[in-house]
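Scroll down for the structure; my scribbles are underneath it.
The values are calculated or read from the model by the stated rules, or taken from the named source; none is laboratory data. Here the structure is a predicted model, which is why all the values come from computation and not from measurement. Here the Cβ positions follow ideal geometry from the backbone for every residue, glycine too, while neighbour counts run over all protein chains shown.
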Amino acid sequence: MKTPNSNLMQKKYIAVSGNMGVGKSTLVDFLCKTYKLKPFFEPNDFNPYLANFYDDMKTWAFKSQIFFLSRKFRIHQDLGRSRAKEPVIQDRTIYEDAEIFAMNLYKQRIMNKRDFETYYEMYQTILNALNPPDLMIYLECSVRTVKKRIKQRGRVMEKDIPTRYVKRLNDLYETWITKYKQSPVIRISTERLDYMNDFIDRDDLYKKIEAYI
């Protein structure tokens, strides 16, 4: 069995992307312990517009997404500074904020065209000031499995998410990752992956990651 080499991660920036319920946070925690990475998580719990957004999406969609965009920009800046001292890993990227979640709001006519174009122009401007990850780890699984995991983790705001919404996000993720060229990408299906308990799965995971790093 392969022994993970934490020295390969020196000053590296790893990003983990994928739909809700695919196992991003679990993988981030696992890789942090394995490779001694510093984690950076998305700021969901701190968005002051989120409750308003769930009550009246059309009114609050633009404000909520702008907040997420500005916070994610700050996180990217923070991890850029930390990266100079230690390797870092990010749970969900700024790319997903725009290409998946804001795009979905626009396609569903929750965010109007004017607001989306303003938002997207700001996003493109921010991208010019960011360094992309050294490696993008993209996790994927079926909509059925995503729904099952969402139910198991029991988050209040996720309990009534319709299947069609999860599928739309899955479709947008697939479109985005196919076009993503900013850094190398490892695609990993988490449908039956058990790297926590299965040493063969764990060994395969190490090999895939270290081959790119």
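A few remarks follow.
- Any pair with Cβ under 7 angstrom, 6 or more apart, that starts in the stretch 47-62 at a residue that is touching a residue at least 40 places away in the same chain (Cβ under 8 Å) and ends at one that is of a type in the set (D, E, K, R): F62/D115
- Selection status of T59, over 26 Å from Y119 (Cβ atoms) and more than 18 Å from the chain's Cα centre (by Cα): no
- The C-beta contact set for the stretch 106-133 (first residue under 20 Å from R74 (Cβ atoms), second residue loosely packed, with under 15 Cβ neighbours inside 10 Å and at pLDDT below 95, distance under 6 angstrom, 6+ apart or interchain) comprises P132/Q182.
- Of all residues in the stretch 151-171, those being at pLDDT 75 or above, aliphatic (A, V, I, L, M) and surrounded by fewer than 17 Cβ atoms within 10 Å (Cβ to Cβ) number 0.
- Picking from residues in the stretch 189-213 that are in contact with a Lys or Arg (Cβ under 7 Å, 6 or more places away or on another chain) and either part of a helix (DSSP H, G or I) or at pLDDT 80 or above (or both), the one that is nearest to Y35 (Cα to Cα) is Y206.
- Any hit, the stretch 88-99, residues being over 29 Å from K167 (Cβ atoms) and either of a type in the set (D, E, K, R) or in a strand (DSSP E or B) (or both): yes
- Scan of the stretch 29-56 for residues that are modelled with pLDDT under 85, under 20 Å from the mean Cα position of the chain (by Cα) and exposed (fewer than 13 other Cβ atoms within 10 Å of the Cβ), ordered by number: N44, D45, F46
- Residue selected from the stretch 132-147 under the condition under 15 Å from the mean Cα position of the chain (by Cα) and not in a loop (DSSP other than H, G, I, E, B), by the criterion nearest to P162 (Cα to Cα): V146
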